[in-house]
Amino acid sequence: MFVHYRTQGFIFKKIDRGEADRLFTVHTKDFGRLDLLAKAERKIKSKLRGGLELFYLSEIEFIQGKTHKTLTDAILVENFPNLRKDLKKLRIAYQIAEVLDNLVKGQEPDNNLWQLFEETFSRLNANNLKPVIYNLIYYYFLWNLFSLLGYGPEFYNCSLCQKKITPGKIRFSSKEGGIICQSCSQKIKSSGEITLETIKILRLILKKDWKTLSKLKFEAKYLKELTLLSQSYFLRIVDEIGASSSTSPLIN
Ligand SMILES: [Zn+2]
């Protein structure tokens with residue numbers, strides 16, 4: 001007899017297998033990331049279909065076989081209908097899925113990551129979002145994910161000399177994992193300038209101060225800076241994790 005495991009999970013990826021099967025990547029509350037086979041899921045009569053769609057939160061049940069885990073049940077908990085009605089929101093959800101696929105490989109449950117999923121999906125599901133908020137939801141997710149994975153960057157002191165940053169020319173080095181003060185910047189070749197405004201945005205993101213963030217007036221130049229910085233830092237982490245894909249999941 002197989003043991004049946006039950007948990008909740010967010011569905012982030014699906015790939016067709018064979019004639020009618022599908023492989024789902026589900027980030028679960030109790031087991032972390034799972035790749036689960038849904039047998040004959042593409043057949044109309046499959047009882048699994050109702051609970052298996054991208055960006056659903058579902059209650060799932062699975063069994064552990066010799067070579068893979070097989071889904072035996074899936075019941076929809078929340079389908080985030082507003083996310084589905086808006087292509088821009090869907091795009092953010094796909095980018096998040098791609099980042100996760102690159103950076104989270106293991107089966108380790110993580111309560112903080114689960115909370116981050118809940119926060120992110122409920123924000124994407126909200127009505128009447130300003131366009132800039134879409135980007136903010138994404139970067140909030142991205143940088144907090146970096147932090148949860150143990151790559152939380154330094155945005156208060158210089159990453160080299162540890163001195164508190166004072167106003168002036170500040171640079172950011174992905175390799176050193178944070179900001180670099182003016183006097184240290186000569187020693188570091190691969191760094192880019194970063195404005196104090198962008199540093200402040202990133203500090204708020206990592207403090208999880210959504211209330212302040214959502215009221216900020218976001219200028220396009222800071223958003224651009226945030227995009228470039230996120231891209232460079234993401235690639236550094238992908239490099240370190242040794243993930244195979246280096247597709248940039250970033251928005252402009
Ligand atoms: Zn320094």
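The values are calculated or read from the model by the stated rules, or taken from the named source; none is laboratory data. Bear in mind the structure is a predicted one, so any value in this text is a computation, not a measurement. Positions of Cβ are generated from backbone atoms using ideal geometry, with glycine treated the same way; all protein chains shown enter the neighbour counts. Surface areas here come from the heavy atoms of the whole protein model, side chains and all, with no ligands, DNA or RNA. Shrake-Rupley method; radii C 1.70, N 1.55, O 1.52, S 1.80 Å.
Is there a residue in region 195-213 that is of a type in the set (S, T, N, Q) and within 13 Å of the ligand (Cβ to nearest atom)?
No.
Starting from region 89-109, take each residue that is in contact (Cβ under 8 Å) with a residue 12 or more places away in the chain and outside any helix (DSSP H, G or I) and list its partners that are among the aromatic types (F, W, Y) and surrounded by fewer than 19 Cβ atoms within 10 Å (Cβ to Cβ), counting only C-beta distances under 8 angstrom and pairs at least six apart or across chains.
Q107/F31; P109/F31
Which of (1) within 11 Å of the ligand (Cβ to nearest atom); (2) surrounded by fewer than 20 Cβ atoms within 10 Å (Cβ to Cβ); (3) within 25 Å of the chain's Cα centre (by Cα) is the odd one out, the single condition N128 does not satisfy?
(1)
For Y138, state whether it is touching an Asp or Glu at 6+ places or on another chain (Cβ under 9 Å) and more than 15 Å from the ligand (Cβ to nearest atom).
No, not satisfied.
Can you tell me which residues in region 167-190 are free of Cβ contacts under 8 Å to residues at least 24 places away in the same chain and more than 11 Å from the ligand (Cβ to nearest atom)?
Across region 167-190, the qualifying residues are G168, K189, S190.
Please give the number of the condition G150 fails out of (1) at positive phi; (2) within 16 Å of the ligand (Cβ to nearest atom); (3) open to solvent by 60 Å² or more (accessible area, probe 1.4 Å).
(2)
With region 1-79 as the region, which strands (runs of 3 or more DSSP E) entirely inside it contain at least 2 residues that are open to solvent by less than 20 Å² (accessible area, probe 1.4 Å) and β-branched (V, I, T)?
In region 1-79, the matching strands (runs of 3 or more DSSP E) lie at 4-17, 21-28.
Could you pull out the residue among I44, I60, I75, I92 that is among the β-branched types (V, I, T) and within 30 Å of K207 (Cβ to Cβ)?
On inspection, the qualifying residue turns out to be I92.
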